[in-house]
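Read the figures in this text as sums done on the coordinates, not as results from a lab. Predicted model only: the values in this text are computed from it and were never measured. Virtual Cβ from ideal backbone geometry, glycine too; neighbours counted across all protein chains shown.
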Amino acid sequence: MATDDTELSDFFARYLSTFRLAGAAPVKRRKTAEAAIAARLAKGARLFPTASVRLTYLEDPAGARLYGHGEALTVTRQAAIACSAVAGIDTSWWTAASPADRDSVRAALDQGWLGFE
């Protein structure tokens with residue numbers, strides 16, 4: 001069986017992003033309006049990876065693939081870096097981000113991979 005670099009990279013990224021903790025809370029998926037995100041960030045909240053997820057990303061020609069819980073999203077490179085950053089996402093990042101970057105972050109939030117603190 002031959003695998004190419006893309007398949008192998010995808011396999012390891014899915015494996016590394018799978019959180020294995022006995023009794024871990026299930027991921028809460030939700031739909032969040034962009035205006036609601038902007039309002040919470042404007043009040044000083046930040047978006048960080050939730051405690052029950054490990055995020056990793058791989059760059060590809062389309063931007064990046066963000067991995068969490070063994071699943072993947074195609075996102076912009078800037079959004080993948082921001083979602084994985086220790087500093088989190090604040091209102092200054094959000095207002096400077098392109099619509100595609102904000103859509104990518106919202107997709108990760110909707111997956112339950114990000115949460116407000």
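If you check Ala107, Ala97, which single one turns out to be surrounded by 15 or more Cβ atoms within 10 Å (Cβ to Cβ) and closer than 26 Å to Asp5 by Cβ?
One residue alone meets the criteria, Ala107.
Rundown of residues vs (1) over 9 Å from the mean Cα position of the chain (by Cα); (2) basic (Lys, Arg); (3) within 18 Å of Tyr15 (Cα to Cα); (4) surrounded by 14 or more Cβ atoms within 10 Å (Cβ to Cβ), yes/no style:
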position: Arg46; (1), (2), (3), (4): yes, yes, no, yes
position: Ser52; (1), (2), (3), (4): yes, no, yes, yes
position: Tyr57; (1), (2), (3), (4): no, no, yes, yes
position: Ala62; (1), (2), (3), (4): yes, no, no, no
position: Thr74; (1), (2), (3), (4): yes, no, yes, no
position: Ala80; (1), (2), (3), (4): no, no, yes, yes
position: Trp93; (1), (2), (3), (4): yes, no, no, yes
position: Arg102; (1), (2), (3), (4): yes, yes, no, yes
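Regarding Trp113, is this residue farther than 18 Å from Arg29 by Cα, surrounded by 17 or more Cβ atoms within 10 Å (Cβ to Cβ), touching a strand residue (DSSP E or B) at 6+ places or on another chain (Cβ under 9 Å) and in contact (Cβ under 8 Å) with a residue 40 or more places away in the chain?
Answer is no for this residue.
Show the residue pairs meeting these rules: Cβ distance below 6 Å; 6+ apart or different chains; first residue within the range 55-69 and over 19 Å from Asp110 (Cα atoms); second residue buried (at least 20 other Cβ atoms within 10 Å of the Cβ) and among the basic types (Lys, Arg).
Leu58/Arg65
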